[in-house]
Amino acid sequence: MLTYARQLEAKQGIASSQWFEEERIMDADYPSGEAIRTKIYEGRCVFYDRKARGCALHRFAAEEGMDWHLLKPMVCSIFPITWGRGRLFLSGFLNGLFSAVKNHHVREIKCIDARDAYCECKII
């Protein structure tokens, strides 16, 4: 991503120094053993394409003929699935989606944060 910083800065209008949080999080789920989060800018992901909607990284990769998997962070590539403690689970995004679109909610029946072996959700 940083290899293309100049081009991305020009398209986004946001300096690369504003892309990431300063704090590094130690996390064994990442191959490097640590993670760094992208910043929120004007209420959205810093890489949200404010001119055309969607992900600016994905759009940039498509325009450049690149495989977007090489540019986007893994957590973005598999959204709305996420991971933690060695497990995959659904992000809280789905509750908001079902609430807004279908007037339903997603209720967690089981949750790894509550020491269950896996997460289980029910649409109500």
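Just so you know, all these numbers are worked out from the coordinates, no wet-lab data involved. Quick caveat: nothing in here was measured; it's all calculated off a predicted structure. In this analysis, Cβ positions are derived from the backbone assuming ideal geometry, glycine residues included, and neighbour counts consider all displayed protein chains.
Database remark: amide H of residue 39 closer than 5 angstrom to the amide H of 20, 21, 46 (H placed geometrically; neighbours at sequence offset of 5 or more, or on other chains; Pro and chain starts carry no H). The alpha-carbon of residue 72 sits under 28 angstrom from the alpha-carbons of these lysines, leaving out residues fewer than 8 places away in its chain: 11, 39, 51.
With kT/(6 pi eta Rh) evaluated at 20 °C and eta = 1.002 mPa s, and Rh the Kirkwood radius from Cα pairs, the stretch 1-73 diffuses with a coefficient of 163 µm²/s according to Stokes-Einstein.
Spacing of the modelled spin labels on residue 34 and residue 2, each 7 Å from Cα toward Cβ, amounts to 1.1 nm.
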